[in-house]
Amino acid sequence: MSFSNLIHWSKKHYSNLPWRKNRSPYHTLVSEIMLQQTTVGTVLNHFERFIHQFPDLQTLAKASEHDILVAWKGLGYYRRAKNLRFAAQDLFTKFGDHIPQQREELISIKGIGDYTSSAILSLAYQKRELAVDANLERVISRLYGIQIPKGPKLIKEIRRQFESKEILKELTAKNAREMNEALMDLGRVYCQARKANCLNCPLSDQCVAYREE
(Lines give C-alpha, C1' and ligand atoms only; values in the text may rest on other atoms or scores of the structure.)
Protein backbone atom coordinates (compact mmCIF):
# COMPACT_ATOMS: atom_id res chain seq x y z
CA MET A 1 0.00 0.00 0.00
CA SER A 2 1.19 3.52 -0.76
CA PHE A 3 1.49 4.66 2.84
CA SER A 4 4.52 6.76 1.92
CA ASN A 5 2.22 8.87 -0.28
CA LEU A 6 -0.23 9.17 2.60
CA ILE A 7 2.50 10.32 5.01
CA HIS A 8 3.87 12.79 2.45
CA TRP A 9 0.40 14.29 1.95
CA SER A 10 -0.18 14.52 5.71
CA LYS A 11 3.17 16.20 6.39
CA LYS A 12 2.76 18.64 3.53
CA HIS A 13 -0.61 19.92 4.69
CA TYR A 14 -0.82 19.34 8.44
CA SER A 15 2.67 19.31 9.98
CA ASN A 16 2.10 22.91 11.09
CA LEU A 17 -0.51 21.95 13.69
CA PRO A 18 0.90 23.40 16.94
CA TRP A 19 0.74 20.16 18.92
CA ARG A 20 2.66 18.45 16.11
CA LYS A 21 5.32 21.14 15.76
CA ASN A 22 6.16 20.88 19.44
CA ARG A 23 5.27 17.23 20.02
CA SER A 24 5.78 16.07 23.60
CA PRO A 25 3.99 13.64 25.93
CA TYR A 26 2.34 16.55 27.76
CA HIS A 27 1.26 18.36 24.59
CA THR A 28 -0.06 15.06 23.25
CA LEU A 29 -2.10 14.46 26.40
CA VAL A 30 -3.65 17.94 26.25
CA SER A 31 -4.29 18.00 22.50
CA GLU A 32 -5.75 14.50 22.28
CA ILE A 33 -8.24 15.17 25.08
CA MET A 34 -9.10 18.52 23.46
CA LEU A 35 -9.63 16.85 20.07
CA GLN A 36 -12.15 14.35 21.42
CA GLN A 37 -15.67 15.27 20.28
CA THR A 38 -14.60 18.45 18.49
CA THR A 39 -12.79 19.64 15.35
CA VAL A 40 -9.18 20.51 14.65
CA GLY A 41 -10.27 24.04 13.74
CA THR A 42 -11.84 24.54 17.15
CA VAL A 43 -8.77 23.22 18.98
CA LEU A 44 -6.47 25.44 16.90
CA ASN A 45 -8.16 28.45 18.45
CA HIS A 46 -7.47 27.28 22.01
CA PHE A 47 -4.45 24.96 22.25
CA GLU A 48 -1.57 27.44 22.33
CA ARG A 49 -3.34 29.78 24.73
CA PHE A 50 -4.11 26.85 27.05
CA ILE A 51 -0.49 25.65 26.93
CA HIS A 52 0.75 29.18 27.64
CA GLN A 53 -1.40 29.25 30.78
CA PHE A 54 -0.59 25.67 31.80
CA PRO A 55 2.86 25.00 30.30
CA ASP A 56 3.58 21.71 32.06
CA LEU A 57 2.03 18.86 33.98
CA GLN A 58 2.77 20.34 37.39
CA THR A 59 1.11 23.67 36.56
CA LEU A 60 -1.98 21.89 35.29
CA ALA A 61 -2.12 19.48 38.22
CA LYS A 62 -2.00 22.34 40.74
CA ALA A 63 -4.53 24.56 38.93
CA SER A 64 -8.05 24.94 40.25
CA GLU A 65 -10.96 23.37 38.43
CA HIS A 66 -12.37 26.88 37.97
CA ASP A 67 -9.24 28.16 36.19
CA ILE A 68 -9.10 25.14 33.90
CA LEU A 69 -12.79 25.40 32.98
CA VAL A 70 -12.39 29.11 32.22
CA ALA A 71 -9.41 28.35 29.96
CA TRP A 72 -11.45 25.57 28.32
CA LYS A 73 -14.28 27.94 27.37
CA GLY A 74 -15.22 27.53 23.71
CA LEU A 75 -14.14 23.89 23.48
CA GLY A 76 -17.38 22.50 24.90
CA TYR A 77 -17.92 19.11 26.56
CA TYR A 78 -16.47 20.35 29.84
CA ARG A 79 -16.24 16.84 31.23
CA ARG A 80 -13.10 16.49 29.08
CA ALA A 81 -11.51 19.41 30.94
CA LYS A 82 -12.29 17.76 34.26
CA ASN A 83 -10.86 14.45 33.00
CA LEU A 84 -7.70 16.26 31.89
CA ARG A 85 -7.33 17.79 35.35
CA PHE A 86 -7.90 14.40 37.02
CA ALA A 87 -5.26 12.87 34.74
CA ALA A 88 -2.74 15.63 35.44
CA GLN A 89 -3.23 15.33 39.20
CA ASP A 90 -2.98 11.54 39.18
CA LEU A 91 0.07 11.56 36.90
CA PHE A 92 1.86 14.18 38.97
CA THR A 93 1.11 12.35 42.22
CA LYS A 94 2.38 9.01 40.90
CA PHE A 95 5.13 10.01 38.46
CA GLY A 96 6.00 13.67 39.03
CA ASP A 97 6.59 15.57 35.78
CA HIS A 98 7.13 12.32 33.88
CA ILE A 99 4.40 10.79 31.72
CA PRO A 100 5.07 7.03 31.62
CA GLN A 101 5.80 4.98 28.51
CA GLN A 102 4.00 1.82 29.62
CA ARG A 103 0.36 1.17 28.71
CA GLU A 104 -0.42 -0.44 32.08
CA GLU A 105 0.78 2.65 33.91
CA LEU A 106 -1.06 5.04 31.61
CA ILE A 107 -4.44 3.33 31.77
CA SER A 108 -4.15 3.21 35.55
CA ILE A 109 -4.44 7.00 35.54
CA LYS A 110 -7.85 8.52 36.20
CA GLY A 111 -8.98 10.34 33.05
CA ILE A 112 -6.82 8.30 30.63
CA GLY A 113 -8.42 5.44 28.71
CA ASP A 114 -7.36 3.07 25.96
CA TYR A 115 -7.44 5.65 23.18
CA THR A 116 -5.51 8.39 25.00
CA SER A 117 -2.91 5.91 26.22
CA SER A 118 -2.40 4.61 22.68
CA ALA A 119 -2.13 8.16 21.37
CA ILE A 120 0.55 9.07 23.92
CA LEU A 121 2.52 5.90 23.23
CA SER A 122 2.41 6.19 19.43
CA LEU A 123 2.53 9.95 18.93
CA ALA A 124 4.81 11.01 21.77
CA TYR A 125 6.96 7.92 22.32
CA GLN A 126 7.02 6.36 18.82
CA LYS A 127 5.87 2.94 19.99
CA ARG A 128 4.13 0.56 17.60
CA GLU A 129 0.63 1.44 18.77
CA LEU A 130 -2.56 2.29 16.93
CA ALA A 131 -4.63 5.17 18.30
CA VAL A 132 -8.10 3.99 17.22
CA ASP A 133 -10.42 6.98 17.41
CA ALA A 134 -13.59 7.32 15.30
CA ASN A 135 -11.53 8.38 12.29
CA LEU A 136 -9.15 5.42 12.40
CA GLU A 137 -11.99 3.01 13.14
CA ARG A 138 -13.74 4.15 9.95
CA VAL A 139 -10.63 4.40 7.74
CA ILE A 140 -9.21 1.00 8.68
CA SER A 141 -12.52 -0.85 8.44
CA ARG A 142 -13.04 0.57 4.94
CA LEU A 143 -9.43 0.11 3.85
CA TYR A 144 -9.31 -3.57 4.81
CA GLY A 145 -12.99 -4.43 4.36
CA ILE A 146 -13.63 -5.37 7.99
CA GLN A 147 -17.35 -6.11 8.03
CA ILE A 148 -18.24 -5.35 11.65
CA PRO A 149 -20.58 -2.51 12.69
CA LYS A 150 -19.01 0.52 14.30
CA GLY A 151 -18.45 0.10 18.02
CA PRO A 152 -16.44 -1.83 20.62
CA LYS A 153 -16.43 -5.11 18.64
CA LEU A 154 -14.96 -3.39 15.60
CA ILE A 155 -12.29 -1.63 17.67
CA LYS A 156 -11.40 -4.93 19.33
CA GLU A 157 -11.08 -6.66 15.94
CA ILE A 158 -8.96 -3.84 14.50
CA ARG A 159 -6.65 -4.08 17.49
CA ARG A 160 -6.46 -7.86 17.18
CA GLN A 161 -5.57 -7.72 13.50
CA PHE A 162 -3.05 -4.95 14.09
CA GLU A 163 -1.31 -6.73 16.95
CA SER A 164 -1.12 -9.96 14.94
CA LYS A 165 0.21 -7.93 11.98
CA GLU A 166 -2.61 -9.00 9.69
CA ILE A 167 -3.09 -5.30 8.88
CA LEU A 168 -0.85 -2.23 8.92
CA LYS A 169 2.39 -4.20 8.92
CA GLU A 170 3.90 -1.01 7.55
CA LEU A 171 3.35 0.77 10.87
CA THR A 172 6.52 0.36 12.92
CA ALA A 173 8.21 1.98 15.88
CA LYS A 174 10.11 4.14 13.37
CA ASN A 175 7.03 5.69 11.78
CA ALA A 176 4.29 5.22 14.41
CA ARG A 177 3.78 8.95 14.89
CA GLU A 178 3.67 9.75 11.17
CA MET A 179 1.36 6.85 10.32
CA ASN A 180 -1.13 7.54 13.09
CA GLU A 181 -1.20 11.25 12.27
CA ALA A 182 -1.64 10.54 8.56
CA LEU A 183 -4.49 8.08 9.15
CA MET A 184 -6.18 10.62 11.43
CA ASP A 185 -5.85 13.27 8.71
CA LEU A 186 -7.23 10.90 6.10
CA GLY A 187 -10.33 10.20 8.15
CA ARG A 188 -10.86 13.87 8.89
CA VAL A 189 -10.35 15.15 5.33
CA TYR A 190 -11.12 12.50 2.70
CA CYS A 191 -12.64 9.46 4.41
CA GLN A 192 -15.42 11.15 6.35
CA ALA A 193 -18.38 9.30 7.82
CA ARG A 194 -20.99 10.64 5.42
CA LYS A 195 -18.81 11.75 2.53
CA ALA A 196 -15.79 9.96 1.10
CA ASN A 197 -13.60 11.72 -1.47
CA CYS A 198 -12.06 8.57 -2.87
CA LEU A 199 -10.69 10.21 -6.02
CA ASN A 200 -8.22 12.28 -3.99
CA CYS A 201 -7.49 9.69 -1.31
CA PRO A 202 -3.82 8.56 -1.33
CA LEU A 203 -4.91 4.99 -0.49
CA SER A 204 -7.95 4.58 -2.75
CA ASP A 205 -6.20 2.23 -5.18
CA GLN A 206 -5.71 -0.27 -2.34
CA CYS A 207 -9.00 0.28 -0.48
CA VAL A 208 -11.39 -2.68 -0.31
CA ALA A 209 -14.45 -0.46 0.19
CA TYR A 210 -13.55 1.65 -2.86
CA ARG A 211 -12.99 -1.41 -5.05
CA GLU A 212 -16.28 -2.95 -4.00
CA GLU A 213 -18.52 0.09 -4.20
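General remarks:
- ³J(HN,Hα), Karplus 6.51/-1.76/1.60, whole Hz, each residue of segment 32-47, x for Gly, Pro: 5, 6, 4, 6, 5, 6, 8, 9, 4, x, 5, 5, 4, 7, 10, 4
- Listed residue pairs exceeding 19 Å between alpha carbons, taken from K21/K165; K21/K62; K127/K169; K127/K174; K62/K94; K127/K165: K21/K165; K21/K62
- In sequence order, calculated HN-Hα J values of segment 190-206 (Karplus, 6.51, -1.76, 1.60; Hz; x Gly/Pro): 9, 9, 6, 4, 9, 8, 10, 9, 5, 5, 9, 5, x, 10, 4, 5, 10
- Dmax and Rg, reported as Rg then Dmax, of segment 56-167 (C-alpha, Å): 16.3, 47
- Based on every Cα atom in segment 5-53, Rg and the maximum pairwise Cα distance Dmax equal 11.3, 37 Å.
- Counting every pair of alpha carbons in the chain, the share spaced more than 29 Å apart comes to 25 percent.
- Considering segment 110-213, its Cα convex hull presents a mean projected area of 6.8 nm².
- Distant alpha-carbon pairs in segment 105-165 (separation over 20 angstrom), percent: 27 percent
- Amide N of segment 100-119 lying under 17 Å from the label point, which is placed 7 angstrom from the Cα of I146 along Cα→Cβ: 114-119
- Cα centroids of segment 76-132 and segment 152-174: 20 Å apart.
- Fraction of accessible area attributable to carbon and sulfur, the chain (%, probe 1.4 Å): 49 percent
- Tail beyond 16 Å, pair distance distribution of segment 1-86 (Cα, percent): 53 percent
- Net charge over other residues, Cβ less than 15 angstrom from the Cβ of A61 (K, R count +1; D, E count -1): 0
- Segment 76-116 residues near the modelled E65 label - backbone nitrogen below 13 Å, point 7 Å along Cα→Cβ: 78-87
- For segment 57-62, Karplus couplings with θ = phi - 60° (6.51, -1.76, 1.60), whole Hz, Gly/Pro x: 4, 5, 4, 5, 5, 8
- With protein chains left intact and a 1.4 Å probe, residues in segment 91-140 average 39 Å² of accessible area per residue.
- Simple spin-label estimate for Y78 and K127 in nanometres, 7 Å along Cα-Cβ: 3.4 nm
- Magnitude of the charge dipole for segment 121-213, about its Cα centre and with charges confined to Cβ atoms of Lys, Arg (+1) and Asp, Glu (-1), is about 240 debye.
The values are calculated or read from the model by the stated rules, or taken from the named source; none is laboratory data. Small disclaimer: the values here were computed from a predicted structure and weren't measured. Methodologically, a virtual Cβ is constructed for each residue, glycine included, from the backbone with ideal geometry; neighbour enumeration extends over all protein chains shown. The area values use the complete protein model at the heavy-atom level, side chains included, leaving out ligands, DNA and RNA. Shrake-Rupley method; radii C 1.70, N 1.55, O 1.52, S 1.80 Å.
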